[in-house]
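The values are calculated or read from the model by the stated rules, or taken from the named source; none is laboratory data. Just so it is clear, the structure is predicted and the values come from calculations on it, not from any experiment. Methodologically, a virtual Cβ is constructed for each residue, glycine included, from the backbone with ideal geometry; neighbour enumeration extends over all protein chains shown.
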Amino acid sequence: MKQIYRHLTGVALIAMATVIFTTHANAQTPATPPVEAPSPSLVKDGKCYEIRTYYAFPGKLEDLHSRFRNHTLKLFRKHGMEVVGFWGPTDKEKGSENTLVYILAYPSREAREKAWAGFRNDPVWQAAAKESEKNGKLVEKVDWAILRSTDYAPFK
């Protein structure tokens with residue numbers, strides 16, 4: 001895991017997020033099963049990673065940070081979601097006032113689907129989400145993508 005931290009920087013991750021995303025407004029999982037057409041250079045077995053970018057409504061970013069800090073992280077662990085890290089842009093023109101980027105890791109894509117289903121249906125999450133949004137929704141849009149390591153990456 002330490003290798004991941006050494007090889008992925010916040011700047012690289014935000015650049016990667018900007019380039020590879022397909023937008024899924026407020027979606028946790030795709031409505032239909034995805035068609036995987038991975039490059040021959042991607043590792044077929046092993047961990048999959050999910051990079052997620054949240055765009056908070058104006059004035060709601062700190063509330064979103066608070067929800068992750070106080071509730072979401074515990075629930076991610078409970079449902080087998082491995083947190084690689086969280087980042088935020090530093091430049092205003094790149095979204096520093098409303099953007100949160102994070103990466104999760106899973107043993108497989110199937111494990112990801114199971115983890116998100118459990119998370120979404122968890123009554124503790126539902127209560128935390130409801131309470132955190134009593135003064136309005138926090139997240140305007142969510143972008144996400146499933147990633148696999150390349151066969152030449154220093155970590156798999």
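For this structure, a couple of remarks:
- Residues within segment 25-63 that are at pLDDT below 65, surrounded by 12 or more Cβ atoms within 10 Å (Cβ to Cβ) and out of contact with any Asp or Glu (no Cβ under 7 Å at 6 or more places or on another chain), tallied: 3
- Options A128, A145: the member that is part of a helix (DSSP H, G or I) and touching a helix residue (DSSP H, G or I) at 6+ places or on another chain (Cβ under 6 Å): A128
- Residues located in segment 75-93, provided they are part of a helix (DSSP H, G or I) and surrounded by fewer than 14 Cβ atoms within 10 Å (Cβ to Cβ): R77, K92, E93
- Condition met for V101 (without any contact (Cβ under 8 Å) to a residue 40 or more places away in the chain, aliphatic (A, V, I, L, M), surrounded by 12 or more Cβ atoms within 10 Å (Cβ to Cβ) and part of a strand (DSSP E or B)): no
- Residue list for segment 114-152, filter: within 21 Å of V43 (Cβ to Cβ) and surrounded by 15 or more Cβ atoms within 10 Å (Cβ to Cβ): A115, W144, A145, I146, L147, R148, S149
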